[in-house]
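Visitor: This is the structure I have questions about; it appears just below.
The values are calculated or read from the model by the stated rules, or taken from the named source; none is laboratory data. These figures come from a predicted structure and were not determined experimentally. Here the Cβ positions follow ideal geometry from the backbone for every residue, glycine too, while neighbour counts run over all protein chains shown. Note: areas computed on protein heavy atoms with side chains; ligands, DNA, RNA excluded. Shrake-Rupley method; radii C 1.70, N 1.55, O 1.52, S 1.80 Å.
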Amino acid sequence: MLPRAFNRKLIAPSNIISKKFSTSVTKINQLISKNNILTRIQSPNLSKLNQIRCFSSSSQKCDAFSSLDTFPRRHNGPSSPEIKEMLDSIGVKDMDELISKTISTNILIKKPLSLEEGLTESELLKRIKSIASKNKIYKSYIGMGYTDTIVPPVILRNILESPAWYTQVSDPSFLILFEIAARKNFRTKEMTFVGLQRNFRLCTMQMNNLGLIVIVHDLRRRLESLLNFQTMVTDLTGMNISNASLLDEGTAASEAMFITFSVGKRERFTFFIDEKCHPQTIECIKTRAECFNINIIVGDALKFDFEPCGKDLCGVLIQYPTTDGSILDYSSFTNKIHSLGGKVVCATDLLALTMLVPPGEWGADIAIGNSQRFGVPLGYGGPHAAFFACKEEYKRKIPGRLIGVSRDSFGNKAYRLALQTREQHIRREKATSNICTSQALLANMAAMYCIYHGPKGIKAIANRVHNLTKALEAEIKKIGYKVKTEHFFDTLNIHIEGGCEQIYQKALNEHINLRKVDKNSIGITLDETTTKEDLENLIRVFANDSSYKPNLSEDCNSSIPDKLIRTTPFLQHSVFNSYHSETKMLRYIYNLQSKDLSLVHSMIPLGSCTMKLNATTEMIPITWPEFANIHPFAPTDQVGGYKILLKELEHDLAEITGFDGVSLQPNSGAQGEYTGLRIINAYHKSCGNKRDVCLIPVSAHGTNPASAAMAGMSIVQIKCEKNGDLNMKDLEEKAIKYKDRLAVFMVTYPSTYGVFETRVVEACEIIHKNGGQVYMDGANLNAQIGLCNPVTIGADVCHLNLHKTFCIPHGGGGPGMGPVAVKSHLVPFLPSHPIVKTGGEKGIGPIASAPYGSADILPISWAYIKMMGGNGLKSATQLALLNANYMANRLSNHYKILFTNQNGMCAHEFIIDLRPFKDSADIQAIDVAKRLLDYGFHSPTMSWPVPNTIMIEPTESESKAELDRFCDALIAIREEISLIEKGIQPKGDNVLTNSPHPIQTLIQDTWEKAYTREQAAFPLKYLTQQKFWPRVGRLDDTFGDLHLMCSCPPIEDWIE
């Protein structure tokens, strides 16, 4: 039996990596020998690169009838001998003693998790194949923002199914807190918040005439793909600037609504939504508006009298084309709204915009939508990359990630992440959004789809879809039906005299899904997968005659009004006009991939991020048609497999956490926070209480206060002690002070300092005693499973980061999932949905566009739980604690470990204090983090939650050998610091402050550093066998600030 990991990787194009690497080694040797700086690198002996745990049964006891492909031993990194060795080094006799010294006994659960015994990998695949078979794949014409698409196999295989793309770290704006330092440059005096956070980004916060600007720089060339996405969106929408994706269209529309409110200085409280917008989008906006008392009016935008709204109108949302397919001219309407001081938000379709005048040309202020039809599977609602584009004047308020272009210390083009003053980890409760992630993996897919087809190919797809729709219209009219949409792109609204139920049911009998717009109207949306045969079958349904032979005409004039036909070019940049053969596309994908460090290279020790194994067996089912090709609003009797899987996942998550109910709708951790807080709001309101105060520790994630502000709460900070524990006196005093208004206390456990606080139960009791609820941030749940749970601790609600604890990959910044789990008294308030029934009888409005968020990735977490079983999940938690304590113990002889409990133990992560080196060697955390890249490692979380520190989380998936390799790197860096402290190396110009060292450094003709080239690039012996080369040096901050470029112009156009 060929293991799935081997099957997926060794027969994929990545099997040429070793040959490429050998070629690169030869070239490097030629360059290095020229300077005579070190012994030539030997081509790697791949059998000795790592202690690979092969697919064998040698490590487990078995009998003739036992299956050998058990999963926990594949997921967990350390072997039994390694576990014993690590326990001995810590000074504990066994795992039980380790746990007793790490976690307070009063919160340990007494019973094992009541979960099924873990399935083997082959059993799991057989089981999920059986479940998937219960999903029925019908031909979907439902539309409503979701269409079927053809995923190019080169993109499916080499991005969506490639761990080099999906194991990148999560969104970089998450958990950023910065060390404050003063710097000067030749342009301006800066107050600089320096921090290396996720993906090696250097962040500066600069005061200049534009206001407070946060710029995050990135060494990863993966950002090139996201920059392509931004260029694609700005070109097609005609807007000035775009972000690098949002969670879904409903979220993007809600963010846009809030920006219009914010731009109006929160003094305009009316937001109008055209009734021809998608219904799920309308409801998402209503949910968001409630907490700010924004008055939502839904009506016919072109007929509504806006004059009475006067100066209270902040903005309007229109759909272009509308949800029923109509193409309307909004140019004069936009002028009218602007004359009243309002802003125009346009929800639109990127494929349609290849034929329609883009919103930016007729005056829209913001354009939002979903890029799903650009090569991303339906997936029962997600994950998909929404987009958000706007005028230049709103660039400081644009939500989510924004990719920019700069240059490095060698003058080479480099990409960076530009964040705005609204960013929640800087402004906390004053942020305009709690967005901390996006849909990077799906944005990369959409961008690659556009690159693969190019402007001519995309336009050809649009023309074909439109022509098919015209042909359908002609036949429908010929049969005798009235088409209500006069001008359209891909959607028809058909009036059925006497009711549409008969035709709707006839279509179902033919395995066709139509949209019931109302009792007398049927909606049909065509897409690029529609064939002539599909069209003929569809027409026969309306003819009610299986022998009917349609006479489809190819002579179809455009249905688009002349003045709305696009004339401006798009996608003119060379990247969209160069890679149209599969050979070229494959090489472009692998060229970008080779420049990025991911879990395929080494451990990613980001604290509070839980970068654990995303097992191949867990990933396989998500691209099966039975999961990937289901419309989110398909009839419930067609999604029997999803219903089984979702119900089992809800049950298992409830069992693991101790809660009574679960909602799988929130499609990110931040959305989970917001959902939980809205549920608490609804509960208090149902009790007749007006409670709006949220207590949050000063150490909390920035999303906590931002989410609380979005939920309409007043934030009161709680102090922490010097050892990181909650200041219980401050907590109790403020709980009593605000007892009549106290809504909730937000707490992370283990704490953000990486310690199981001993008085957390007491803290929860204080809150409950004073009428509040306890919200637990699930960021650190990987340290709890099987040992304790949120309910035992005292929580009422908790969001779960499935992209951390439950193995959904981070994707370089999404997708993620943040379901909420609640106690019984909060179950009635779980979120609802306007199309598919979800939630409780008193459910809050929808948080996401789709009823189950990003449902297509939920099989990953389901599979992880099913294969691990209760015992396996507990062992994973134990090993996460062991790995962290082993590393902390080993590094404690070289660095100060900042926080431990009374027994000297940390939780699943720990913090190294680098602050003393500022005085002794003029070295800061940024320098250590950058230097780690030379050693082949991603930086730990930097300067959070304590400035000028690094927080390390190894997870349970890393072996002792990998932990030691990382420790060796940090120990070697400590020796490099000591050389500076002793005066052997100069301050300010040394191997740390000049790091990282790309290959350009080694091949310079002159070398005037105080250290050798070998010390720069190969400080440890293993690097001569296994070297990840950084591609750029440190970024030019000032240049990037003064040249804010967020699309793809030729570099010569903007470099002076």
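Visitor: Counting other C-beta atoms within 10 Å, and keeping those with at most 13, which DSSP coil GluC sites (Glu not before Pro) do you find in the stretch 669-754?
Guide: E721
Visitor: Quick one: putting +1 on the C-beta of Lys and Arg, -1 on the C-beta of Asp and Glu, what dipole do you get for the stretch 223-334 around its Cα centre, in Debye to the nearest 20?
Guide: 360
Visitor: Sticking with this structure for a sec: About its Cα centre, how strong a charge dipole does the stretch 461-530 have in debye, to the nearest 20, once Lys and Arg get +1 and Asp and Glu get -1 at the Cβ?
Guide: My answer is approximately 160 debye.
Visitor: Here's a follow-up. About its Cα centre, how strong a charge dipole does the chain have in debye, to the nearest 20, once Lys and Arg get +1 and Asp and Glu get -1 at the Cβ?
Guide: Around 1220 debye, computed over the chain.
Visitor: Looking at the square roots a ≥ b ≥ c of the eigenvalues of the Cα gyration tensor of the stretch 678-738, which shape do they give, rounded for a/c under 1.5, prolate if a/b is larger than b/c, or oblate?
Guide: Oblate shape, in that a/c is at least 1.5 and b/c is the bigger or equal ratio.
Visitor: Give me the one-decimal nm value for the distance between modelled label points at D545 and I137, 7 Å along each residue's Cα-to-Cβ direction.
Guide: The answer from the label model is 3.3 nm.
Visitor: Find the centroid of the Cα atoms in the stretch 311-379 and in the stretch 139-171, then give the distance between the two in whole Å.
Guide: 25
Visitor: Right, next: For a paramagnetic label modelled at 7 Å from the Cα of R127 toward its Cβ, which residues of the stretch 848-871 fall within the zone defined by backbone nitrogen distances under 14 Å?
Guide: Of the residues in the stretch 848-871, 859-871 have backbone N under 14 Å from the label point off R127.
Visitor: Starting from the Cα-Cα distance between D312 and T636, subtract it from 0.36 nm times their residue separation and give me the gain in nm to one decimal.
Guide: Stretched out fully, the D312 to T636 stretch lengthens by 112.5 nm.
Visitor: Label 7 Å along Cα→Cβ of S114; the stretch 660-684 residues with amide nitrogen under 13 Å?
Guide: 660
Visitor: Also: With a/c under 1.5 counting as rounded, go ahead and sort the stretch 758-846 into rounded, prolate or oblate using the C-alpha gyration tensor (a ≥ b ≥ c being the square roots of the eigenvalues; past the cut-off, prolate if a/b is larger than b/c, else oblate).
Guide: oblate
Visitor: Next question. Counting C-alpha atoms alone, how compact is the stretch 623-727: give Rg to one decimal and Dmax as a whole number, in angstrom.
Guide: Just the Cα atoms of the stretch 623-727 yield Rg and Dmax of 18.6, 57 Å.
Visitor: Ok, one more. Excluding S832 itself, what net charge comes from residues whose Cβ is under 12 Å from its Cβ, given Lys and Arg +1 and Asp and Glu -1?
Guide: Combined, the nearby Lys, Arg, Asp and Glu give +2.
Visitor: Now for a separate question. Need one value: the accessible area of K482 in square angstrom, 1.4 angstrom probe, rounded to the nearest 10.
Guide: 130
Visitor: Just name one of T657, H997, T147: the one whose Cα is farthest towards the positive end of the charge dipole of the chain (beta-carbon charges, Lys/Arg +1, Asp/Glu -1).
Guide: Of the candidates, H997 comes out farthest on the positive side.
Visitor: Let me ask something else about it. Determine, from the Cβ-Cβ distance of A64 and L1020 and an R0 of 30 Å, the FRET efficiency 1/(1 + (r/R0)^6), rounded to the nearest 0.05.
Guide: My answer for the efficiency is 0.10.
Visitor: Just want the answer: with Cβ charges of +1 for Lys and Arg and -1 for Asp and Glu, which residue in N412, A389, M817 is farthest toward the dipole's positive end in the chain?
Guide: Going by the Cα projections, it comes out as N412.
Visitor: Follow-up question, since we're still on this one. On a 0 to 90° scale, report how tilted helix 728-737 is relative to the longest principal axis of the chain, with both axes built from alpha carbons and the result rounded to the nearest 10.
Guide: Orientation of helix 728-737: about 30 degrees from the principal axis.
Visitor: Give the carbon-plus-sulfur fraction of the accessible surface of the chain in %, rounded to a whole number; probe 1.4 Å, heavy atoms of protein chains only.
Guide: Here carbon and sulfur together make up 49 percent of the probe-accessible area.
Visitor: From the list (i) 34.1; (ii) 35.3; (iii) 29.7, can you say which value of Kirkwood radius over Cα pairs in Å was derived from the structure given?
Guide: (iii)
Visitor: In degrees between 0 and 90, to the nearest 10, how far off the longest principal axis of the chain does helix 858-891 point, with axes built from Cα atoms?
Guide: The answer is roughly 30 degrees.
Visitor: Do any GluC sites (Glu not before Pro) in the stretch 489-559 lie in a loop, going by DSSP, with at most 15 other beta-carbon atoms within 10 Å of their beta carbon, and if so which?
Guide: Answer by residue number: E497, E510, E554.
Visitor: At a probe size of 1.4 Å, how large is the accessible area of R464, to the nearest 10 Å²?
Guide: 100
Visitor: Let me ask another. Nearest 5 percent is fine: what portion of the DSSP beta bridges confined to the stretch 316-413 is antiparallel?
Guide: 40
Visitor: Among DSSP beta bridges whose residues both lie in the chain, state the antiparallel percentage, nearest 5.
Guide: Bridges in the chain that DSSP calls antiparallel: roughly 60 percent.
Visitor: Probe of 1.4 angstrom, ligands and nucleic acids ignored: what's the accessible area per residue over the stretch 859-969, in square angstrom?
Guide: 21
Visitor: Roughly speaking, what is the stretch gain from S581 to E981, that is 0.36 nm per residue apart minus the C-alpha to C-alpha distance, in nm to one decimal?
Guide: In short, 138.4 nm is gained.
Visitor: Follow-up. Calculate how steeply helix 760-769 sits against the longest principal axis of the alpha-carbon atoms of the chain, using the helix alpha-carbon long axis, and give the answer as 0 to 90 degrees to the nearest 10.
Guide: Helix 760-769 sits roughly 40 degrees off the main axis of the chain.
Visitor: Moving on to the next point. When the helix-only estimate is applied to the chain (DSSP H runs of n ≥ 4, each -39,500 (n - 2.57), divided by the residue count), what is the mean residue ellipticity at 222 nm, nearest 500 deg cm²/dmol?
Guide: Computed ellipticity for the chain at 222 nm equals -10500 deg cm²/dmol.
Visitor: Going 7 Å from the Cα of Q902 toward and past its Cβ, which residues in the stretch 703-733 have a backbone nitrogen under 17 Å from where you end up?
Guide: Within reach of a label on Q902: 721-729.
Visitor: Under 1.5 on a/c is rounded, so check that first for the stretch 951-1009, then, if it is not, pick prolate when a/b is larger than b/c and oblate when it is not; a ≥ b ≥ c are the square roots of the alpha carbon gyration tensor eigenvalues.
Guide: Since a/c reaches 1.5 but b/c is at least a/b, the shape of the stretch 951-1009 is classed as oblate.
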